[in-house]
Structure formats: structure tokens, C-alpha cells
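What follows is a single structure, and I will ask about it in a moment.
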Amino acid sequence: MVGGRQTNRRATVFLGGGRITGALIAGLRLIGDHRRIIIYDRNREKLRRLRNEAGVEAAMDLQSAVESADTLVVAVRPGSVSELLAALAAAASLPRLCISLAAGVPLRKLRTGLPQAHWVRAMPSPVCRIGRGLTALCFDPTVTAQERSRVRAFFGRVGQVVEVSEDGFDVFTATYSSSHGYHALAALAEAAQQQGLDRKTALTAAAHALADGILYWREAGLSLDELLHEAATPGGIAAATMHAMDQAGYPRAVSKGLKAGIAQARRNAKM
């Protein structure tokens, strides 16, 4: 334990019951993982919903939540991290292993708030709800090999896990968000509607264009250059479409979007 009296620690405790917490727990329950999970959140409605949907335990106060934790998952917004760490520092007893899901909040800030804890930064995808997500991990040097294995196994239950250096963590976070797929789907379907397709058909065509292409890339064993060459025959419809998109500034728009996401992550670090 970090400090205070020894307790019987057998639960994974989430501090924050928002969307990513709900997605992680749903993914775990989907694959039959019925580990003990405790959630603390000031919003009682969130607690009621997660308790009803996933059979988790709801803690009524922060101290009762953390005293049963063998792993503590900080799942609050970046702007709330400092306040939460201050409250945790005053707790009578804490687990050693702590995981932060707060986007942009660096390890140095987490260490400053709770210096005795072994900190991990994790950024899971909401797609972990169906067991097909992706989680990026960044470990503080104090995290032991056994703890690293525990964390990888935990997130590996709901999808793929990759380890990323902290220098590249914010870039990775901005790049792999599932929002890119939804954003592209909405834009492509809207453009198809403008050209005469009804909304249902436009969404179906756009969804298959995106999802089937990515599935083929993952399973065919071909490089991205090979797939682009295969899909865009010179003089063909796909080639003309991509050329016009590039000329309209599509690559620049994507680059500008990523830079904005990274900048927001760095602002989060200062909160």
C-alpha cells in the first residue's frame, strides 16, 4: 500500500463513471470477465446506470472506493485531475498501481500528485465496448514487470494493446481516435446525398467504403501503397475522386486537425 493501514484489496476501482469507463466495463462483461469493479462518481445517475447495466458496485465516497482497490483507474476529465490527486493524497490507504485515462496529463504531473504510486497512462478506444478496441500504454519507470503484465492483460481483454513512449503519446492519441472514422463517414455520406442518393443508401455505401477497405488492409497482407494502386486505376472513378480531394486540401485538413488535437492535449497538461 502507498500509506496507512493494510486493507483487503481485490477490486478494480474506477474514479469516474463516464463514457470510457462504461465502454471498458461493457467490453469486460461481454467476454465474461466478472471481476469485482467499484466505481466512484459524484453523479449518482451514472452510478445507477452502470450498476444496473454491468453489475458493478457503487461507492458513496472516495475513501470507501479506494480502500478496496488493488488497481486504481483515474477516469476523470483532465481539468479535474489535480483536485482528485489532492483528495487521494489525503486518503488513509491507497493501492500502489494507478492508471490514468486523462488525455494529455503527463506522468510528471501524476507523480507530483501521488509520488509513491506506480503510474501508467492509458488511452483506450470506446470500441473496447465490443472487444475490438485499441489501448495505448505508457509506463512510468517505477512500474514493475509484474504490474506491466497486469495492465497489459487488463486492457488486452478488450482489444489490442500497444506501448507508446510518452513523447509520442499525445500524437498517437490524436491519430487513432475512432472519431476520424465517424467524421469521414458523416462527410462521405453527406456528399453522396448531395449527389442524389437517399440517406440510408448513402450511409451504407460510405460505411462499406471505409470499413471494408480497412478490413481488407488488415487481412490481405498488402501494403497501403499496393492497396491504393489496386483501388485507384489510372483514369478511373476512384483515382479522379482522390485527386480532387487532394487538390481541395484533404491532406492539409487532416494535418491541421491532428495539430489541433495535439495542442489540446498539451493544454490539458497545464490544467
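The values are calculated or read from the model by the stated rules, or taken from the named source; none is laboratory data. Every value quoted in this text rests on a predicted model; they were computed, and no experiment measured them. Quick reminder, even Gly has a Cβ in these numbers, built from the backbone with ideal geometry, and neighbours come from all protein chains shown.
Taking the options Val73, Val66, name whichever one is crowded, with 22+ Cβ neighbours inside 10 Å, touching a Leu at 6+ places or on another chain (Cβ under 7 Å) and closer than 24 Å to Phe172 by Cβ.
Val73
Restricting to the stretch 27-72, name every residue that is in contact (Cβ under 8 Å) with a residue 60 or more places away in the chain, part of a helix (DSSP H, G or I) and under 22 Å from Ala102 (Cβ atoms).
Those that are in contact (Cβ under 8 Å) with a residue 60 or more places away in the chain, part of a helix (DSSP H, G or I) and under 22 Å from Ala102 (Cβ atoms): Gly27, Leu28.
Sticking with this one: Can you pull out every residue in the stretch 95-112 that is out of contact with any strand residue (DSSP E or B) (no Cβ under 6 Å at 6 or more places or on another chain), crowded, with 22+ Cβ neighbours inside 10 Å and not hydrophobic (A, V, I, L, M, F, W, C)?
Correct list: Gly104 only.
Next up: In this structure, is Thr142 without any contact (Cβ under 8 Å) to a residue 40 or more places away in the chain, among the β-branched types (Val, Ile, Thr) and in a loop (DSSP other than H, G, I, E, B)?
For Thr142, the condition - without any contact (Cβ under 8 Å) to a residue 40 or more places away in the chain, among the β-branched types (Val, Ile, Thr) and in a loop (DSSP other than H, G, I, E, B) - is met.
What is the number of the single condition among (1) buried (at least 17 other Cβ atoms within 10 Å of the Cβ); (2) assigned to a loop (DSSP other than H, G, I, E, B); (3) touching a Lys or Arg at 6+ places or on another chain (Cβ under 9 Å) that Ala92 does not meet?
Of everything listed in (1) buried (at least 17 other Cβ atoms within 10 Å of the Cβ); (2) assigned to a loop (DSSP other than H, G, I, E, B); (3) touching a Lys or Arg at 6+ places or on another chain (Cβ under 9 Å), Ala92 misses just condition (1).
Tell me, please, whether a residue that is in contact (Cβ under 8 Å) with a residue 12 or more places away in the chain, in contact with a Gly (Cβ under 6 Å, 6 or more places away or on another chain) and outside any loop (DSSP other than H, G, I, E, B) can be found in the stretch 211-227.
The answer is no, given that none of the residues of the stretch 211-227 is in contact (Cβ under 8 Å) with a residue 12 or more places away in the chain, in contact with a Gly (Cβ under 6 Å, 6 or more places away or on another chain) and outside any loop (DSSP other than H, G, I, E, B).
Would it be correct to say that Arg218 is within 26 Å of Thr135 (Cα to Cα) and exposed (fewer than 11 other Cβ atoms within 10 Å of the Cβ)?
Considered against the rule, which asks whether it is within 26 Å of Thr135 (Cα to Cα) and exposed (fewer than 11 other Cβ atoms within 10 Å of the Cβ), Arg218 comes out as yes.
Applying the selection to the stretch 24-56, what residues are exposed (fewer than 12 other Cβ atoms within 10 Å of the Cβ) and either touching a His at 6+ places or on another chain (Cβ under 6 Å) or under 18 Å from Ile130 (Cα atoms) (or both)?
Ile31, Gly32, His34
With the structure loaded, tell me whether Arg19 is loosely packed, with under 15 Cβ neighbours inside 10 Å, of a type in the set (Lys, Arg) and assigned by TED's automatic domain parsing to the domain that holds Pro124 or whether it fails that test.
yes
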